[in-house]
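Colleague: Let me begin by handing over the structure; questions about it come next.
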Amino acid sequence: MKIGFIGLGIMGKPMSINLLKAGYELTVYDINKTSVDEVVAAGAASTNTSAKVAEQSDIIITMLPNSPHVKNAVMGESGVLEGAKSGSILIDMSSIAPIASQEIEKACAEKGVHMIDAPVSGGEPKAVDGTLSIMVGGNKEIYEQVRDILLCMGASAVYCGTIGAGNTTKLANQVVVALNIAACAEAFTLAKKAGVDPESVFNAIKGGLAGSTVMNAKVPMMMENNFKPGFKIDLHIKDLNNALDTAHEVGAPLPLTSQVMEMFQTLHADHCGGDDHSALAKYYAKISGTVIGD
Ligand code: NAD
């Protein structure tokens, strides 16, 4: 079974390395040659187009920023569909708009290529450990054929429905994460401004109902004033844009998401788009005059 991997960024690099560790033969491509060199050093072969990756692979995985990047890498010039054999399987693990997954799957089907969407949650540490949470949309039989491959990169893979359902699930995840980070930034700014040590607040409440994976991962970053990504604000803006577009199409208002989106937009305008999304704490610092991590 030969696997191709396209997109070797913060997530794709460790995910591809985990496939190598599991013993799969891998051909990789990224427009950034430095990332390619690192995965080649770990044992992969490389080529210089997505089409050539597809030519040499039975299964092709994409891990790219957003819908236009995946469309370009799959349907564009020298893209996957120029090289893919009929019967091969494309697994798009990027977080993109569900409607884009549906469009790409249609183009794949016309060439006899199967496609599932399988975005992930967990961030870089879980990509490194191979313990990502994977949410899958598409033909269930195709999913079952590639489940073992997914579980080399993730601790769980859950089938959510037809094509695009993985990305709809991921949008729900991103709404919960964004709102939870904003709630943490708001609450810990309140505590600091009221003169209570944020670390004591964290230790007191993390085991109660307010505790969460988000709180455990992001509040320590806020307390240390460390906003190295992680997950960049600009990528979260991309996800919330996809969430708002999808929500408006199906008639599901997202009032809280809209509020947090504007906070992220404020930070982006203030040149913080490359910061970790925990930098929502900086937004609260601006409006309160109090820094959690002082
Ligand atoms: P990244 O920007 O670090 O990596 C993207 C990679 O894609 C880059 O190396 C870039 O050079 C490459 N690329 C872009 N266009 C290309 C093309 N046409 N052909 C080949 N390579 C191309 O992004 P990331 O953080 O790895 O995220 C990838 C996806 O995973 C995104 O959809 C993101 O939302 C999602 N995600 C990220 C995290 C996280 O914590 N970083 C967590 C879960 C999901």
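The values are calculated or read from the model by the stated rules, or taken from the named source; none is laboratory data. Since we're looking at a predicted model, the values are computed, not measured. Virtual Cβ from ideal backbone geometry, glycine too; neighbours counted across all protein chains shown. What goes into the accessible areas is simple: the full protein's heavy atoms, side chains included, and nothing from ligands, DNA or RNA. Shrake-Rupley method; radii C 1.70, N 1.55, O 1.52, S 1.80 Å.
Colleague: Just how many pairs of Lys in the stretch 53-180 have C-alpha atoms closer than 26 Å, counting pairs that are eight or more places apart or on different chains?
Modeller: Qualifying lysine pairs in the stretch 53-180: 14.
Colleague: Using alpha carbons only, how many degrees (0 to 90, rounded to 10) separate the axis of helix 213-224 from the longest principal axis of the chain?
Modeller: 60
Colleague: Leaving out ligands, DNA and RNA, what percent of the accessible area of the stretch 1-87 is carbon and sulfur, probe 1.4 Å?
Modeller: 51
Colleague: Enumerate the calculated ³J(HN,Hα) couplings along the stretch 119-136 in order (Karplus 6.51 cos²θ - 1.76 cosθ + 1.60, θ = phi - 60°), each rounded to whole Hz, writing x wherever the residue is Gly or Pro.
Modeller: Rounded to whole hertz, the list is x, 10, 10, x, x, 4, x, 6, 5, 5, 6, x, 10, 5, 9, 10, 10, 10.
Colleague: Which net charge results when you count Lys and Arg as +1 and Asp and Glu as -1 among the other residues whose beta-carbon is under 11 Å from that of P119?
Modeller: On the way: positive: K170; negative: D92, D117, D239.
Around P119, the surrounding residues sum to -2.
Colleague: Once the Cα atoms of helix 12-21 and of the chain are each reduced to a long axis, what angle between those two axes, in degrees from 0 to 90 to the nearest 10, is obtained?
Modeller: Result, in degrees: 60.
Colleague: Rank by packing, highest mean first: peptides 134-146, 274-286, with packing defined as the count of other Cβ atoms within 10 Å averaged across residues.
Modeller: 274-286, 134-146
Colleague: Just to confirm the number: angle between the C-alpha axis of helix 98-110 and the first principal axis of the chain, 0 to 90 degrees, nearest 10?
Modeller: The helix 98-110 is inclined about 0 degrees to the chain.
Colleague: Right, next: Find the relative contact order for the chain and round it to a whole percent, using C-alpha pairs within less than 8 Å whose residues are 6+ positions apart. Don't skip to the answer; put the middle values down first.
Modeller: Details: 563 pairs, mean separation 39.7, N = 294.
Once normalised by length, the contact order is 13 percent.
Colleague: Turning to a different aspect of this structure: Hey, any idea what % of the stretch 168-288's accessible area is carbon plus sulfur with a 1.4 Å probe?
Modeller: Answer for the stretch 168-288: carbon and sulfur cover 59 percent of the accessible area.
Colleague: In addition: Mind listing the long-range amide H neighbours of L90? Cut-off is under 5 Å, sequence gap 5 or more, other chains count too, H placed in the peptide plane at 1.01 Å from N.
Modeller: Sorted by chain and number, the residues that satisfy this are I60, H114, M115, I116.
Colleague: Continuing with the same structure: Excluding ligands, DNA and RNA, what is the solvent-accessible area per residue of the chain at a probe of 1.4 Å, expressed in Å²? List each step's numbers first, then the result.
Modeller: Details: 13130 Å² over 294 residues.
For the chain, the per-residue accessible area is 45 Å².
Colleague: May I pose another question? Between L90, L171, L179, find the one with the highest GNM mean-square fluctuation for the chain; connect C-alpha pairs within less than 10 Å.
Modeller: Result: L179 has the largest fluctuation of those listed.
Colleague: Per DSSP helix of 4 or more residues, -39500 (n - 2.57); summed, then divided by the residues of the chain. What does that give at 222 nm, rounded to the nearest 500?
Modeller: So the calculated ellipticity at 222 nm is -16500 deg cm²/dmol.
Colleague: For the stretch 1-109, what mean projected area does the convex hull of the alpha carbons give, in nm²?
Modeller: Projected area, direction-averaged: 5.9 nm².
Colleague: Continuing with this model, one more query. Peptides 24-34, 49-59: what's the order by average Cβ count within 10 Å, highest mean first?
Modeller: 49-59, 24-34
Colleague: Calculate the dipole size of the stretch 145-279 relative to its Cα centre from +1 charges on Lys and Arg beta carbons and -1 charges on Asp and Glu beta carbons; express the result in debye to the nearest 20. Mind dumping the intermediate values first?
Modeller: Numbers: 9 positive and 13 negative charges, 55 e Å.
For the stretch 145-279, the charge dipole is close to 260 debye.
Colleague: Something else about it: For the stretch 168-288, what is the relative contact order in percent, using Cα pairs closer than 8 Å and at least 6 residues apart in sequence?
Modeller: Working: 118 pairs, mean separation 46.4, N = 121.
Worked out over the stretch 168-288, it gives 38 percent.
Colleague: Using the Karplus equation 6.51 cos²θ - 1.76 cosθ + 1.60 (θ = phi - 60°), what ³J(HN,Hα) coupling, rounded to whole Hz, does each residue of the stretch 287-294 give in order, writing x for Gly and Pro?
Modeller: Ordered by residue, 3J(HN,Hα) equals 7, 10, x, 10, 9, 4, x, 5 Hz.
Colleague: Nearest 20 debye, what's the magnitude of the dipole of the chain about its Cα centre given +1 on Lys and Arg Cβ and -1 on Asp and Glu Cβ?
Modeller: On the way: 22 positive and 31 negative charges, 60 e Å.
I would put it at about 280 debye.
Colleague: Under the rule of at least 5 residues apart or a separate chain, name every residue whose amide H is placed under 5 Å from the amide H of A157.
Modeller: For A157, whose amide H was placed from the backbone, the distant partners under 5 Å are I134.
Colleague: Output ³J(HN,Hα) for the stretch 200-206: one whole-Hz value per residue in order, computed from phi by the Karplus curve 6.51 cos²θ - 1.76 cosθ + 1.60 with θ = phi - 60°, and x for Gly and Pro.
Modeller: Couplings: 5, 4, 4, 5, 6, 10, 5 Hz.
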